[in-house]
Amino acid sequence: MKKGGTSNKRYVIANWKMQLGVSESEALAQDELAACGELDGGVVVVLCPSFPALERVGGVCLGSLCALGVQDIFWEEKGQYTGEVSAAMAKELGAQYAIVGHSERRAHLGETDAMVNKKVLRALGSGLIPIVCVGETKEERDAGRRDAVVEGQVRAALRGVKLVGSQELLVAYEPVWVIGTGQAVEPEDAVRSHTLIRATVRDILGEASAARVHIIYGGSVDSKNVGDFLKYPEIEGTLVGGASLKAKEFSKIAAITWQSVVGSGSSQR
Ligand code: PGA
């Protein structure tokens with residue numbers, strides 16, 4: 001097994017947030033797919049459009065290298081929850097991944113650790129791979145609480161989680177204060193949290209299941225800095241917001257990610 005991460009795969013997750021209309025999303029998916037067409041196996045590319053665009057982007061992804069992800073799900077299976085979207089609905093439209101607990105939802109919609117935990121359990125129970133977002137705010141970091149916040153969010157999100165069979169889970173370390181700023185943290189700085197998250201996940205799930213948890217970095221990732229992050233085995237991919245909205249830029253990120261796998265000899269990793 002590799003030193004820091006757990007597998008040869010590297011992830012590139014595009015989070016389009018609430019930035020694009022349905023037709024724009026479909027067109028971007030087509031462009032990104034065309035640009036990523038050369039890549040194979042070692043890199044997992046996941047496109048996460050907004051709910052209304054899921055079906056059309058899913059249609060573009062079908063049979064391609066790109067997988068479909070949803071930006072959120074509700075924790076109940078079904079019922080009287082106006083405005084919510086269930087895991088089963090997302091799955092029916094082709095989603096394989098679900099972002100859960102993004103800091104924008106925690107900040108703007110009051111999502112708590114307990115809600116995030118219920119969503120993680122629902123995603124797994126419905127056959128979606130959760131991408132659980134954790135990360136400290138600037139205030140928390142300045143107050144010296146960074147590690148406590150990150151570890152606490154991971155422990156809360158994974159409460160009661162058991163990975164069965166070949167089930168996988170992703171944790172995205174996203175320092176909240178660099179999201180959307182164009183200024184990522186230093187890779188060495190991210191590695192500190194990745195190492196803490198890895199140890200916490202091992203402690204919660206045990207060694208065997210923890211090997212199916214992949215830890216990625218998010219926060220102002222672009223084609224200029226992604227290679228620096230991927231030099232570290234602890235960083236198993238990236239969650240990309242702003243830079244995923246430009247096909248050329250995103251395909252560069254995907255290509256650099258792919259290169260980081262094949263270039264270093266995937267069988268050796
Ligand atoms: P950013 O967003 O790449 O625009 O910083 C990342 C995220 O919010 O997941």
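None of the figures in this text is laboratory data; all of them are computed from the coordinates on show. Just so it is clear, the structure is predicted and the values come from calculations on it, not from any experiment. Cβ atoms come from the backbone with ideal geometry, glycine included; neighbour counts cover every protein chain shown.
With loop defined by DSSP as not H, G, I, E or B, and exposure as at most 16 other Cβ atoms within 10 Å, which is the longest segment of the chain clear of exposed GluC sites (Glu not before Pro)? Could you put the intermediate results ahead of the total?
Numbers: sites that count: Glu38, Glu76, Glu77, Glu84.
With a cap of 16 other Cβ atoms within 10 Å, the longest stretch comes to 85-269.
Name the residue from Leu28, Gly180, Ile129 whose Cα lies farthest towards the positive end of the charge dipole of the chain, charges +1 on Cβ of Lys and Arg and -1 on Cβ of Asp and Glu.
Farthest towards the positive end: Ile129.
Using a ≥ b ≥ c from the Cα gyration tensor of segment 31-102 (square roots of the eigenvalues), is it rounded, prolate or oblate, where a/c under 1.5 gives rounded and otherwise the larger of a/b and b/c decides, a/b for prolate?
Here segment 31-102 falls in the prolate category.
Say we join alpha carbon atoms closer than 10 Å with springs in a Gaussian network model of the chain; which of Ala98, Ala243, Ala143 then has the biggest fluctuation?
Ala143
Taking the Cα centre of segment 134-209 as origin and charging only Cβ (+1 Lys, Arg; -1 Asp, Glu), how large is the dipole, in debye to the nearest 20? Please report the intermediate quantities before stating the final value.
On the way: 10 positive and 13 negative charges, 61 e Å.
I would put it at about 300 debye.
Would you please give the residues with an amide H less than 5 Å from that of Ala98, counting only those at least 5 places away or on a separate chain, with H modeled from the backbone geometry?
Those lying under 5 Å, H to H, from Ala98 are Val70, Ile129, Ile131.
Please sort by residue number the trypsin sites (Lys or Arg not before Pro) in segment 159-204 whose DSSP state is loop and whose Cβ has at most 12 other Cβ atoms within 10 Å. List each step's numbers first, then the result.
On the way: sites: Arg159, Lys162, Arg192, Arg198, Arg202; in loops: Arg159, Lys162.
When the trypsin sites (Lys or Arg not before Pro) of segment 159-204 are filtered for loop state and at most 12 Cβ neighbours within 10 Å, Lys162 remain.
If r is the Cβ-Cβ distance from Ala107 to Lys248 and R0 is 35 Å, what FRET efficiency results, to the nearest 0.05?
Efficiency for this residue pair is about 0.70.
Mind checking the dipole of the chain: about its Cα centre, +1 per Lys or Arg Cβ, -1 per Asp or Glu Cβ, Debye to the nearest 20? Numbers along the way, then the final one.
Details: 30 positive and 33 negative charges, 115 e Å.
Using Cβ point charges on Lys, Arg, Asp and Glu, the chain gives about 560 debye.
Can you give the Rg/Rh ratio of segment 165-269, where Rg is from the C-alpha atoms and Rh is the Kirkwood radius?
Rounded to two decimals, Rg/Rh equals 0.98.
Can you work out the Karplus-derived ³J(HN,Hα) for every residue in segment 67-83? Use 6.51 cos²θ - 1.76 cosθ + 1.60 with θ = phi - 60°, whole Hz, and x for glycine or proline.
Once θ is set to phi - 60°, the couplings for segment 67-83 become 9, 9, x, 10, 7, 5, 9, 8, 7, 7, 6, 6, x, 7, 9, 3, x Hz.
When the helix-only estimate is applied to the chain (DSSP H runs of n ≥ 4, each -39,500 (n - 2.57), divided by the residue count), what is the mean residue ellipticity at 222 nm, nearest 500 deg cm²/dmol?
Numbers: 11 runs with 109 residues, N = 269.
Result for the chain: -12000 deg cm²/dmol, rounded to the nearest 500.
How big is the shadow of the Cα convex hull of segment 107-165, averaged over all directions, in nm²? Show your work: numbers first, answer last.
Numbers: hull surface 18.2 nm².
Averaged projected hull area, Cα only: 4.5 nm².
Within segment 155-191, find all residues whose amide N lies under 11 Å from a label point positioned 7 Å from the Cα of Lys231 along Cα-to-beta-carbon.
Taking a point 7 Å out along Cα→Cβ of Lys231, the residues of segment 155-191 whose backbone N falls under 11 Å are 187-188.
Taking the Cβ-Cβ separation of Glu139 and Glu77 as r and a Förster radius of 45 Å, what is the calculated FRET efficiency to the nearest 0.05?
Values: r = 37 Å, r/R0 = 0.81.
Efficiency, from the Cβ-Cβ distance: 0.80.
Residues with amide H under 5 Å of Gly218's amide H, sequence separation 5 or more or different chain, H placed in the peptide plane at 1.01 Å from N; which?
The list, which skips near neighbours in sequence, is Tyr173, Glu174, Leu239.
Suppose R0 equals 25 Å. What FRET efficiency, 1/(1 + (r/R0)^6) with r the Cβ-Cβ distance, do Thr181 and Arg155 give to the nearest 0.05? Can you show the working numbers first?
Details: r = 28 Å, r/R0 = 1.11.
Computed FRET efficiency for Thr181 and Arg155: 0.35.
Which lysines does Lys118 reach when only Cα atoms under 20 Å apart count, and residues fewer than 8 places away in its own chain are ignored?
Hits, sequence-local ones excluded: Lys78, Lys91, Lys162.
Working out 0.36 nm times the residue gap between Ala148 and Asp189, then minus their Cα-Cα distance, what length gain in nm do you get to one decimal? Mind showing how you got there, number by number?
On the way: separation 41, 0.36 × 41 = 14.76 nm, distance 1.54 nm.
Roughly 13.2 nm would be gained on extension.
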